[in-house]
Structures are given as C-alpha cells and as structure tokens.
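Student: Just dropping this structure here.
The values are calculated or read from the model by the stated rules, or taken from the named source; none is laboratory data. Since the model is a prediction, treat every value here as computed from it, not as a measurement. We place every Cβ from the backbone using ideal geometry, glycine too, and count neighbours over all the protein chains shown. All accessible areas refer to the heavy atoms of the entire protein, side chains included, with ligands and DNA or RNA removed. Shrake-Rupley method; radii C 1.70, N 1.55, O 1.52, S 1.80 Å.
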Amino acid sequence: MLGKLMKYEFKATSRIFLPFFGALLVMSGITRLFWSLFQTEELDEMITQLVMIPKILSVTLYIMVIVAIFVVTYIVMIQRFYKNLLGDQGYLMFTLPVEPWMNIVNKLLVSLIWILASMVVMMLSGLILAVGTELWNEMVAEFPRIFREIVDLFEREFHMSIVWLVVEWVAAVIIGIIHGILQIYAAIAIGHLCGRYKILASVGAYLGISIVVQTIGGIFSVVVMIPFINAANSPQMLSSYWNLSMLSGIAISLLTAAGCYIATHIILTRKLNLE
Amino acid sequence: MTPILECRALAKVYSGRRALAGINLTVNRGRIVGLLGPNGSGKTTMIKLASGLLTPTSGEILIDGKRPGVQTKRQVSYLPERTYLENWMTVDEMLHFFSDFYDNFNLPKAAEMLQRLGIQPGDRLKTMSKGTKEKVQLILVMSREADLYLLDEPIGGVDPAARDYILHTIISNYNENATVLISTHLISDVEPVLDDVIFINQGYIALTESVDDIREQQGKSVDALFREVFRC
C-alpha cells in the first residue's frame, strides 16, 4: 500500500518538479552557450558591452530558476501535507484502507527523494556550465593531486579515514533533511489542533521546536567541547572532537526527527479532526 | 449478527460546542436509512466519526463490531459533502486510483456508469462543473461493493432531475446485505427509497423508526412527521 501511495504522490508532484528541473537544465545550456559564443577578446568595446546583455540576462534567469526550485520544493512539501492530508483531499486520503503512518511516511519519502533529486539536477547543471571550460580542465588536471593531499591531510595528520568522513557527511545531510521535513509536518499538525489560528499556530510551533532543539544542541556542543579544550595541540584529540560533535549533531537531529514524527502520528491518529 | 453500525454513548465536542451528546444507536444490515435532521444537528459529525475522520470525545462507534481503522475503511464507502478529488487528475486516473486502493471497487461498473452520463475517461476534473464532479464522486463511491455506504448530503446541491438520477444510482447499486445511510434535510426527495429513519436534533437522537411503522401506526408520511417533530 505504501508503494501505491508513493506512486500517486510522485504522479502528483512530478508534474510540478520535472518542468522546473527541465527549465534549469535548459537555462544552464543557454547560459553556457551565451558565455562561450560571445568570447569578448577580439571584439571592440561597443560590442563587448552589447553582448554583456544576453550574458547577464541568462545568468540572472539561471539564478532565478535555482531560487524558484528551492521555493517550490518548500511550497510543494507544505502544500502536499496540508492540503492533501488536512484539507478537503484528506477526506479521501484518510478513508483509504491504509495505516495512518503510511500517509506520513509516503509524504516524507517523496519529499526527501525530490530534495535529493534537485541536488543531483543542480550538480548536473553545474556540469553543463563547467565541463570543457579552461577552469574545468585545470581542475580536472589538478584534482587527483588535490584529492590525495586532502586524504593525506586527514589520514596522516588527523588519523581520520576519508571514507568514514564521507559516510558521516552523507548521514548528516540525509538525516538533516528528514529532520527538516518532519519538523514542518509536526508544526502543521500541531497548528491544525488550534481551531481558528491554524497557520499562526503552525508557524509558532515551528519556531518553538527550533528554539528548543537549538538550545539543547547548543548546550550539548559546549558539553562535548569541555574535555577537548586543549585539543588544538593534538591532532588525535581534534579528530575525536570532530567525530564526537558530528555524531552528537546527527543524534540530536535524529531524536528531533523521531519526536516530530511521533507527534505528527499521534495527532493524525488520535486527534484527527477534519473540518 | 453484529449490527453494521453501533454507537455507544457516543459524544463529540468541538472546542466547547457539543455536536453529539452521548447517543446510542444501532443500524442493521440490508437497510436504506435516512439520517434526518435540520442543519447543524450532528448528521455530518456522526458520519465523519463512522468514517474515521473524527475521533470521539467519549463513547465509541463500531462498524461491524470494530472501531474505525484500516479494516472498517475497507468496508465503508463514504461520500463527503465536499469534493475530495484532485483537480489535475483525469476520470480514468481516478478510477484506477480507486481500484488500486479498494479491493471491492468494481471498475467496469464505474466505467459504464460514467459512459452513460457522457463523461469521457480522459476528461480532467479541473474542467468539470461542480455538479459533474459530484456525480463522478457518487459513481466512484457507489461502484464499491461495500458493507456500509455513508452518503452525506448526496442530493444537497443538485437540481431535481439530477436528484432522481442520484437516488436511482444509489438504490440500484448496493447489494442487499449492505446498508446505506443517507444524511439529508430534503426529506420528501429521499422518502420513497428509505426503509428506516433516524431523526437527529441538536446532538440527540429524537426518533428511530421504520418508514412502514410511521405510515401504518401514525398514518403520516416521514415528511409530515419530520415537520411535526422539528416544528420551530
């Protein structure tokens, strides 16, 4: 059943995301084209100024599409939860024979996948802009050396494996995204309990959760730091400090995500009141 | 046999306002039941409690002996008083949505009913009038082979010809072991199809009776009795 829900959720959201992704890729192509066509060196000043117009225009549009993707991701995430579950369409979604957790997990997974997908598309667009340029060629030439130096730096100096670092980062990013999504869901669900001032209450709930989490995170990071006050002197200490603060950050994110999930689930099962 | 719908001291309070005041009620199988009452009497609240969209403040509501949950949602086919369809979908996509999620959805039957109304499978819901959307929704709901149909104001917003069509669709599409609960305040329109009536007023059950008994013992139509009970 979760698979079926996700199938329809993708159907509903891809009609919004895919055109934006397409627009971004097309815009990166156009930008690239303008910048490579109008090589300015051999032109006189007048024309140099003129060709700046399409160049700047294309970059501006390109940036606008990127901003739009961020905004749309947020709007769709909120709207699909609020309208599809707590609005009129909730009358259908909550009378389907599926467990309530599936409705939440469905929205969560699909949002997560779209966010990761937009990251991939942005990287792709970066490649379209960069591949083959002089800067790119230099970077490619230099990359193996730089990479080895970074690996050496971490492994020899700080005794940290690069693989572990990457795993830590990927985990932090994915858990961070999940935490972000679930915090929005929890805020909307809490707001939904508050009769007339739902949107205001949702915003308040979001800020409230953020303040609590950041206070706890802040205290925690200070506590974690205490044993390592003199860490700067010893690379080994520095690496274990790094590890500990990364892992505690991930743990706090994970706990908040779990708390938000449980709150959302309780509200949608025991306190569900569609009007 | 367990009744298809049972309310035990069922109460629902919305932020201080009492919508249902601890009602006890049993609805049996194989009946067409009118849930009749003025606006704001608690009809919609009761139906939403039965479909699991609301949670009771106290007491309980049982569908085939079970509290609302995944199993009861399989058995209950619910028509809300608003449209819940996604505007961007086509009729055909909606049909497949229903047949994907409900084992008891009879897709050929729904397709045939839509065809008879001249609604094309490729039509998007966005392009339809409110009345057409309501008809599509009714067809989706009535094409499920459910044990209990909960129809909230199915004839509220449509013209008399459409009313006849809807009532005809309802009575010709449920099996004889299923129960249909129709909430409405348009009594004379539904009266001919009803077996039983439940009068509900300000959160209380005012009367439950079979239509035959009302006619025989009181010598009145349901409409006349309703006007008497709910005289302002």
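Student: Assuming B:Phe98 fulfils every condition listed in (1) part of a helix (DSSP H, G or I); (2) open to solvent by 10 Å² or more (accessible area, probe 1.4 Å); (3) within 14 Å of A:Thr95 (Cα to Cα) apart from one, which condition is it?
Tutor: Status for B:Phe98: all satisfied but (2).
Student: Considering the stretch A:96-117 alone, what residues qualify as being within 14 Å of another protein chain (Cβ to nearest Cβ) and aliphatic (A, V, I, L, M)?
Tutor: A:Leu96, A:Val98, A:Met102
Student: Out of the helices (runs of 4 or more DSSP H) lying entirely within the stretch A:55-166, which hold 1 or more residues that are among the charged types (D, E, K, R) and modelled with pLDDT under 90?
Tutor: Qualifying helices (runs of 4 or more DSSP H): A:134-152.
Student: In this structure, is B:Lys133 within 19 Å of the chain's Cα centre (by Cα) and either over 24 Å from B:Val33 (Cα atoms) or at pLDDT 90 or above (or both)?
Tutor: When the stated conditions are applied, B:Lys133 passes them.
Student: Looking at the stretch B:50-95, which of its residues are assigned to a helix (DSSP H, G or I) and closer than 19 Å to A:Glu99 by Cα?
Tutor: The answer is B:Ala50, B:Val70, B:Gln71, B:Thr72, B:Lys73, B:Arg74, B:Gln75.
Student: Which pairs have Cβ atoms under 6 Å, sit 6 or more apart or on different chains, and link a residue in the stretch B:174-185 that is under 13 Å from B:Tyr78 (Cα atoms) to one that is in a loop (DSSP other than H, G, I, E, B) and open to solvent by less than 10 Å² (accessible area, probe 1.4 Å)?
Tutor: B:Thr179/B:Ile4
Student: Within the stretch A:5-30, how many residues turn out to be within 14 Å of another protein chain (Cβ to nearest Cβ) and more than 18 Å from B:Trp88 (Cβ to Cβ)?
Tutor: 0
Student: May I ask you to list the residues in the stretch B:113-161 that are assigned to a helix (DSSP H, G or I) and among the aliphatic types (A, V, I, L, M)?
Tutor: Selection gives B:Met113, B:Leu114, B:Leu125, B:Val136, B:Leu138, B:Ile139, B:Leu140, B:Val141, B:Met142, B:Ala161.
Student: Just need a number here: residues in the stretch A:251-275 that are part of a helix (DSSP H, G or I) and either surrounded by fewer than 18 Cβ atoms within 10 Å (Cβ to Cβ) or within 14 Å of chain B (Cβ to nearest Cβ) (or both).
Tutor: Number satisfying all stated conditions: 12.
Student: Restricting the stretch A:73-95 to residues that are touching a residue at least 60 places away in the same chain (Cβ under 8 Å) and under 18 Å from B:Phe98 (Cα atoms), which is nearest to the other protein chains (Cβ to nearest Cβ)?
Tutor: Among residues in the stretch A:73-95 that are touching a residue at least 60 places away in the same chain (Cβ under 8 Å) and under 18 Å from B:Phe98 (Cα atoms), the one nearest to the other protein chains (Cβ to nearest Cβ) is A:Tyr91.
Student: Within the stretch A:167-210, which residues are free of Cβ contacts under 8 Å to residues at least 12 places away in the same chain, in a helix (DSSP H, G or I) and more than 22 Å from the chain's Cα centre (by Cα)?
Tutor: Passing the criteria: A:Lys198, A:Ile199, A:Leu200, A:Ala201.
Student: May I ask you to list the residues in the stretch B:101-110 that are assigned to a helix (DSSP H, G or I), more than 8 Å from chain A (Cβ to nearest Cβ) and open to solvent by less than 30 Å² (accessible area, probe 1.4 Å)?
Tutor: Listed by number, the list holds a single entry, B:Ala110.
Student: Residue check: is A:Ser36 within 28 Å of the chain's Cα centre (by Cα) and either in a helix (DSSP H, G or I) or more than 30 Å from A:Glu275 (Cβ to Cβ) (or both)?
Tutor: The answer is no for A:Ser36.
Student: Can I ask one more? Tell me, yes or no, whether the stretch B:74-92 has at least one residue that is modelled with pLDDT of 90 or more, under 29 Å from A:Arg15 (Cα atoms), touching a strand residue (DSSP E or B) at 6+ places or on another chain (Cβ under 6 Å) and at the interface with chain A (Cβ under 9 Å from one of its Cβ atoms).
Tutor: yes
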